Amino acid sequence: MWLAPALLLAIPALHAQDTRNVTEPHIPPACLVLGARLSAPHGVLSDSSERKPDTTRLQAAIDHCASGEAVELKPQGGHNIFLTGPIQLKPGVTLLVDANAALFASRNPRDYDIRPGSCGKVGPRGNGGGCKPLILADHAPGSGIMGDGSIDGRGGAKLLGQNVTWWDLSREAKVQDMAQSVTRILVVRQSDNFTLYRITLRNSPNFHVSVNQTNGFTAWGVKILTPKTARNTDGIDPTSSTNVTIEHCDISTGDDDVAIKTAATGPSAHMTIAHNHFYTGHGMSIGSATAGGVSNIRVSDLSIDGADNGIRIKSDRSRGGLVQDVSYEDVCMRNVTNPIVLTPLYTTFSGNKLPIYRDIVLKNVHSVTSGWFTVLGLDAGHKLDVTFDNVSVDGLTPDHVQAANADIHVGPIRGNFVPSGPGVSITDTGASAADPLSCSARFVPFPAIPTAPEAAVIAPPEDKTLYVAADGTGDFYSIQRAIDVAPADGAVISIAPGTYREVLDVDKPNIHLRSARTDASETVIVFDKSAGTAGGTTRSATVNVRGDNFFAENLTFANDFNATHPQLPQGSQALALLVTGDRAVFRNMRFLGNQDTLYAANKRCLASASQPCAPSRQYFSHCYIEGNVDFIFGNSKAVFDHCEIHSTPHSEGFLTAQSKNSPNEDSIYVFDHCKLTAAPGVANVYLGRPWRPYASVVFLNTEMGGHIVPAGWREWHPGETHSIETAYYAEYNSTGPGAHPGERDPHTKKLTAAEAARYESPTFLAGTDGWDPAKVR
């Protein structure tokens, strides 16, 4: 059915910063009308229909029409579906999809190949992937897509010849930290004055609308609807473009609802985003690429309901630039995890493209539910410049606000959101109190779309894994942030390769940290506190694990304090890991430090003959532990299985400083099938010395390098203490040049095979709950 042209409205956008006088678009006359030949009962095309694409017919019609005309797609004779592979718009020509008609994307990845076999796969970044978009407007000014029908990318339908969907590939890429090659619904490139009007876009495999180097883009009355679990399905992303208007749109996606970006091709400026409703997704974003500069952005009359993020500006030193003259006015948020995120530290990447944010204004902004808030400048010399004018958060929790290096202006109306923190200055411009912006009628359900047929898709299940990536491609760029938002009973946190300079505090049970990369050196958590700088050895740890049932795999925990500071007799203790939780497992890990690298200890408890201390059990499997003085110490019940214990230079080294306090305390270190190595030239290293009188350490089946001294063990302070007399030091089947049979300190016990068997981890660590660390995954 022909769609009558809409009446032109002469009402300009409120607070417009698009320099055009944008009014409601109109539908051009049809050059050709194409009738549908396919139908999709319950959203499913038959196998025979999948082999009858309309691609050639559609492209021929577009190529035939003159500028100012439209190719109209309409239902016909009980059919309402058009099936297509990639098509390209030409200058001035509009694709018009009538009510009750739908354009379905082909499920054949070969249709989208840039090179043979390049699309529909997951592989290493830069390894020859690439897909054409479903619809491309390239150097096609004045073109557009309109109508009350729909375009469906079918991201959740199985690909032809593959037992996966586009969305499955996206999730696989995320889990494996690799690149996905999937298609997008619409790419607009250097096509000025492009228009999207009233159309419904659904289920894109990737971004729904990508706008690049375009002067003049309008999206009016557009609906974008994709499951929140579909990864990388941004709504509308204007990049290096100017004069952009997005109005009266409803957007619910699995990533940024709108994301303004820039590239080396130029700035993004003069944009109006007004009278919109956002639902699931990552909210109203600027960045993370801002190197070309972003300015003159006006966001107004916006509701965000159920998104992960609300108002967000994000970048870092590798892709940052100046973001200025950006305002958000009359914004209501509900059930948003991170209502306000202003950060130039989105990733840990380094570089000289500094993200600077200034003249950022939030006016009449109200979050009716609390959440987490980030308000950061780059550093003391590059502060965030932001104004909060009547910004309020119901149930605001101060502990959930991170602020630093910001010049904050408050007023003319003072709300309850006034962050404070290191390097934060507050300028109160005579602010007066007032009621928060009323949001009572601002949250409305996503509108029904009865005229837009939908393809049957399989929505990805909710992935409860929390993904962290230093490059910003994960759910979080900070591991600690993921730990903070994890449920109280724990979560799996997947960490992409990179270097994360932060301190981790794990107080919750059942936290699992892991990298998909088996080379633990690719994923590093590092910091540089020390006993001298932090106020004590136990406060110096890079990673602090106090929660039970902790698991870590394929990671490096490091403390690099001594990389920039000399190792002194006092104050240089610098922990990579402090672990006191019970049932902790570490697999294929690297622990790097010098003095006191790894503190494996019991929880605080009373130890006496009548009340022995319950042990904290810890299992280290196939790990690398590096240090020089007492670098494995504490009083837990720990097994080190097939680990390499590596000594670094020092005049006198000690592998262990076990600290069992009482003969009744269930505390001992067991090294089973380990290998003791050292840096070149290192000698005079002891297996351990007793930090407390009943220190207990056992070495089983361990290959010992020549750096181990013949005596093996030494008193804590010879001539002053006598703990080695009550300590329990034992060996069984030691090999290598450092075994020194017959030359050990006389306090060393030589175990029999039967005695050694008692220390094998399946029984030694079982406890009363039958814990088996080998089964922990």
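Counting each pair of different Cα atoms once, what's the Kirkwood radius of the stretch 477-571 in Å, rounded to one decimal?
14.0
If the reach is capped at under 22 angstrom between alpha carbons, list the lysines near Lys508, excluding any in the same chain fewer than eight residues apart.
Lys464, Lys603, Lys637, Lys775
How do the peptides 481-493, 539-551, 378-390, 430-442 rank, highest first, by the average count of neighbouring beta carbon atoms within 10 Å per residue?
Working: 481-493: 16.8, 539-551: 22.7, 378-390: 18.8, 430-442: 13.1.
Sorting 481-493, 539-551, 378-390, 430-442 by mean packing, highest first, produces 539-551, 378-390, 481-493, 430-442.
Carbon-plus-sulfur fraction of the accessible area of the stretch 84-218, 1.4 Å probe, in percent?
Percent of accessible area from carbon and sulfur atoms in the stretch 84-218: 45.
Considering the dipole of the stretch 305-439 built from charges on the beta carbon (Lys and Arg +1, Asp and Glu -1) around the Cα centre, which of Ala434, Ile356, Val375 is farthest to its positive end?
With unit charges placed on the Cβ atoms, the residue in question is Ile356.
Run the simple label-point estimate for Val164 and Asn21 please: 7 Å along Cα→C-beta, distance reported in nm.
Rounded to a tenth, the inter-label distance reads 5.3 nm.
Taking square-rooted eigenvalues a ≥ b ≥ c of the alpha carbon gyration tensor, is the stretch 509-633 rounded, prolate or oblate, where a/c under 1.5 means rounded and, failing that, a/b exceeding b/c means prolate?
The shape class here is oblate.
Could you do me a favour and compute the accessible area per residue for the chain, 1.4 Å probe, result in Å²? Mind showing how you got there, number by number?
Details: 28870 Å² over 777 residues.
Averaged over the residues of the chain, the accessible area is 37 Å².
First select every other residue whose beta carbon is under 13 angstrom from the beta carbon of Cys643; then total the charges, Lys and Arg +1, Asp and Glu -1.
Residues close to Cys643 contribute a combined charge of -2.
Rounded, prolate or oblate: which fits the stretch 390-528 when a ≥ b ≥ c are the square roots of the eigenvalues of the alpha-carbon gyration tensor, with rounded for a/c under 1.5 and prolate only if a/b beats b/c?
Oblate.
For the stretch 327-332, in order, what is each residue's ³J(HN,Hα) by Karplus, 6.51 cos²θ - 1.76 cosθ + 1.60 with θ = phi - 60°, in whole Hz (x at glycine and Pro)?
Each residue's phi maps through the Karplus curve to give 10, 10, 9, 6, 10, 10 Hz.
Using mean Cβ contacts within 10 Å as the protection proxy, how do 54-64, 502-512, 239-249, 521-531 order, highest first?
In descending order of packing, they fall as 239-249, 521-531, 502-512, 54-64.
Run the simple label-point estimate for Gln570 and Asp47 please: 7 Å along Cα→C-beta, distance reported in nm.
That separation, rounded to one decimal, is 8.2 nm.
Under a point-charge model restricted to the Cβ atoms of Lys and Arg (+1) and Asp and Glu (-1), what is the dipole moment magnitude of the stretch 114-179 relative to its Cα centre, in debye to the nearest 20?
260
Say the dipole of the stretch 508-564 comes from +1 at the beta carbon of Lys and Arg and -1 at that of Asp and Glu; which of Phe550, Thr564, Thr523 then lies farthest toward its positive end?
Farthest towards the positive end: Phe550.
Report the Rg/Rh value for the stretch 700-753, based on alpha-carbon coordinates and the Kirkwood definition of Rh.
0.99
Charges only on Cβ, +1 for Lys and Arg, -1 for Asp and Glu: so what's the dipole of the chain about the Cα centre, in debye to the nearest 20?
1060
Dipole of the stretch 269-336 (Lys/Arg Cβ +1, Asp/Glu Cβ -1, origin at the Cα centre): which of Val331, Ala269, Val299 lies farthest to the positive side?
Result: Ala269.
Please list 3J(HN,Hα) in residue order for the stretch 553-566, calculated via the Karplus relation 6.51 cos²θ - 1.76 cosθ + 1.60 where θ = phi - 60°; whole Hz, with x for glycine and proline.
Along the stretch 553-566, the couplings run 8, 6, 10, 10, 9, 9, 10, 9, 3, 6, 6, 10, 10, x Hz.
For the stretch 449-518, take the convex hull of the Cα atoms, compute a quarter of its surface area, and give me that in nm², please.
Average of the hull's projected areas for the stretch 449-518 equals 7.4 nm².
Principal axis extents for the chain, Cα atoms only, whole Å, descending order, please.
So the extents along the principal axes, rounded to whole Å, are 100, 69, 48.
Starting from the Cα-Cα distance between His64 and Asn733, subtract it from 0.36 nm times their residue separation and give me the gain in nm to one decimal.
Length gained between His64 and Asn733: 232.3 nm.
Would you pull out the residues with amide H under 5 Å of Thr233's amide H, same chain only if 5 or more places away, H placed 1.01 Å from N?
Gly254, Asp255
Once the Cα atoms of helix 55-64 and of the chain are each reduced to a long axis, what angle between those two axes, in degrees from 0 to 90 to the nearest 10, is obtained?
Its long axis makes an angle of about 50 degrees.
If each residue of separation counts as 0.36 nm, what is the full-extension length gain between Gln88 and Arg777 once their alpha-carbon separation is subtracted?
Full-extension gain reported as 243.2 nm.
Could you give the dipole magnitude of the stretch 713-777 about its Cα centre, charging the beta-carbon of Lys and Arg +1 and that of Asp and Glu -1, in debye to the nearest 20?
Around 260 debye, computed over the stretch 713-777.
Could you list which residues have their amide H under 5 Å from that of Ile413, counting only those 5 or more apart in sequence or on another chain, with H placed in the peptide plane?
Asn390, Ser432
For Asn416 and Thr229 in one chain, what is 0.36 nm times their gap in residues minus the Cα-Cα distance, to one decimal in nm?
64.0 nm
Which whole-percent values make up P(r) of the stretch 660-750 when all C-alpha to C-alpha distances are grouped in 10 Å steps starting at zero?
Whole-percent P(r) values from 0 Å outward: 17, 49, 29, 4, 0.
Using 1/(1 + (r/R0)^6) with R0 = 56 angstrom and r between the beta carbons of His722 and His382, what's the FRET efficiency to the nearest 0.05?
It comes out at approximately 0.45.
Which whole-Hz ³J(HN,Hα) couplings does the stretch 741-749 yield from phi under the Karplus relation 6.51 cos²θ - 1.76 cosθ + 1.60, θ = phi - 60°, glycine and proline marked x?
x, x, 10, 5, 3, x, 7, 6, 9
So if R0 is 41 Å, what FRET efficiency would Lys353 and Ala459 give, r being the distance between their Cβ atoms, rounded to the nearest 0.05?
0.65
Can you return the lysines within cross-link range of Lys52? Criterion is Cα-Cα under 23 Å, with same-chain partners fewer than 8 residues away left out.
List returned: Lys74, Lys132, Lys158.
What FRET efficiency would be calculated for the residue pair Gln402, Glu172, taking the C-beta separation as r and a Förster radius of 25 Å, to the nearest 0.05?
Computed FRET efficiency for Gln402 and Glu172: 0.15.
The values are calculated or read from the model by the stated rules, or taken from the named source; none is laboratory data. Nothing here was measured: the structure is a model prediction, and the numbers come from that model. Cβ: placed from backbone, ideal geometry, glycine included. Neighbour counts: every protein chain shown. To get the accessible areas, we keep the full protein, side chains included, count just its heavy atoms, and leave off ligands, DNA and RNA. Shrake-Rupley method; radii C 1.70, N 1.55, O 1.52, S 1.80 Å.
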